[in-house]
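Taking it in order: structure first as C-alpha cells, then the write-up.
The values are calculated or read from the model by the stated rules, or taken from the named source; none is laboratory data. Source: prediction; values computed, not measured. Heads up, the Cβs are rebuilt from the backbone with ideal geometry, glycines too, and the neighbour counts pull from every protein chain shown. Keep in mind that these areas ignore ligands, DNA and RNA; they rest on the heavy atoms of the full protein, side chains included. Shrake-Rupley method; radii C 1.70, N 1.55, O 1.52, S 1.80 Å.
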Amino acid sequence: EDQVTQSPEALRLQEGESSSLNCSYTVSGLRGLFWYRQDPGKGPEFLFTLYSAGEEKEKERLKATLTKKESFLHITAPKPEDSATYLCAVPNYGGSQGNLIFGKGTKLSVKP
Amino acid sequence: DVKVTQSSRYLVKRTGEKVFLECVQDMDHENMFWYRQDPGLGLRLIYFSYDVKMKEKGDIPEGYSVSREKKERFSLILESASTNQTSMYLCASSSPGVSETQYFGPGTRLLVL
C-alpha cells in the first residue's frame, strides 16, 4: 500500500533558524509530489508540485527538493508568519486517477 | 486564481439532523473531492466525483452521501448527523490530465451536539 510519511510531526524554530521538513513516500513511477501549507482553521494552500528527482522549486523562504524516495521542504531564515502545518501528498496509484494520499503533516512553529 | 468556496465556515447541528455541505468551484474542474480532517488522523477522503452525476466512494464513505448535479457544485450530505461526525470538512477540485494538483476550499468546521 502506498505510504506517505512526514517527519518530524512538530518542529519549533527560532526566527532565522533554518531547517528542513521531510516527506518520504513508497510509490514507484512518481507522477508528482505536492506540498501544501495549512494555517489553523483553514484549508490547505497549494505551494509546489515536483515531478522528477533532482527537481527544485522555490517560493520566498521555502525550497522544495525531490529525490527518488523523499522530498524536503527547506525553510531558510524562517519568520513567525511561516508558522503553519505543512502537508505533502502523492497521487494514489492504487486508486482512481486524480486522488492524492496525504501525509499527516509537520506543524512548524517559529518563535520571534 | 482557482477559487473553491464552501457554504459555511462553522456549523452546529443536533444529532439526527440532516446536514448539507456545499462546495462550488469556478475553474471548470472535472474532479471534486470531499475530505474530513481530524487531529492525528490527517486528511481522509470521503467521496469524490469525476463528472456531473458521477460519484465514487473514498476511504470513509459510511454515513455520508454526495450529489453533483452541476459541474461546479459538489454537495456532501450527512443523512443523520452523529457526534462522531464532528470534524473539519474540506472540499477540493482538480483538473485531470494537466496536473493532479488539488485546490482546497476554506473548510467547514462542523459540530454535532
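Here are a few things to note about the model shown:
- The residue that is farthest from A:Ile101 (Cα to Cα), among those in the stretch B:1-28 that are at the interface with chain A (Cβ under 10 Å from one of its Cβ atoms) and out of contact with any Lys or Arg (no Cβ under 6 Å at 6 or more places or on another chain), is B:Arg9.
- The stretch B:76-113, residues that are within 13 Å of B:Asn31 (Cα to Cα) and within 14 Å of the chain's Cα centre (by Cα): B:Cys91, B:Ala92, B:Ser93, B:Ser94, B:Gln102, B:Tyr103, B:Phe104
- In this structure, B:Pro96 does not qualify as within 13 Å of chain A (Cβ to nearest Cβ), under 22 Å from B:Leu41 (Cβ atoms) and outside any strand (DSSP E or B).
- Residue match in the stretch B:33-44 (condition: aliphatic (A, V, I, L, M), surrounded by 18 or more Cβ atoms within 10 Å (Cβ to Cβ) and facing chain A (nearest Cβ under 9 Å)): yes
- Qualifying residue in the stretch B:45-56 (condition: within 12 Å of chain A (Cβ to nearest Cβ) and among the polar types (S, T, N, Q)): yes
- Against the test of being crowded, with 19+ Cβ neighbours inside 10 Å, more than 14 Å from chain A (Cβ to nearest Cβ), part of a strand (DSSP E or B) and on the phi < 0 side of the Ramachandran plot, the options B:Leu110, B:Leu90, B:Leu76 yield a single qualifying residue, B:Leu76.
- Hits in the stretch A:13-27 - residues which are free of Cβ contacts under 8 Å to residues at least 60 places away in the same chain and open to solvent by 60 Å² or more (accessible area, probe 1.4 Å): A:Thr26
- Evaluating B:Val19 against the criteria (1) under 15 Å from B:Ser75 (Cβ atoms); (2) under 11 Å from the mean Cα position of the chain (by Cα) leaves one unmet condition, (2).
- Candidates in the stretch A:83-98 are the residues that are open to solvent by less than 10 Å² (accessible area, probe 1.4 Å) and either modelled with pLDDT of 95 or more or at negative phi (or both); of these, the one that is nearest to the other protein chains (Cβ to nearest Cβ) is A:Pro91.
- Considering residues of the stretch A:38-73 that are open to solvent by 50 Å² or more (accessible area, probe 1.4 Å) and of a type outside the set (D, E, K, R) only, the residue modelled with the highest pLDDT: A:Phe72
- Some residue of the stretch A:33-42 being more than 13 Å from A:Asp82 (Cα to Cα) and without any contact (Cβ under 8 Å) to a residue 40 or more places away in the chain: yes
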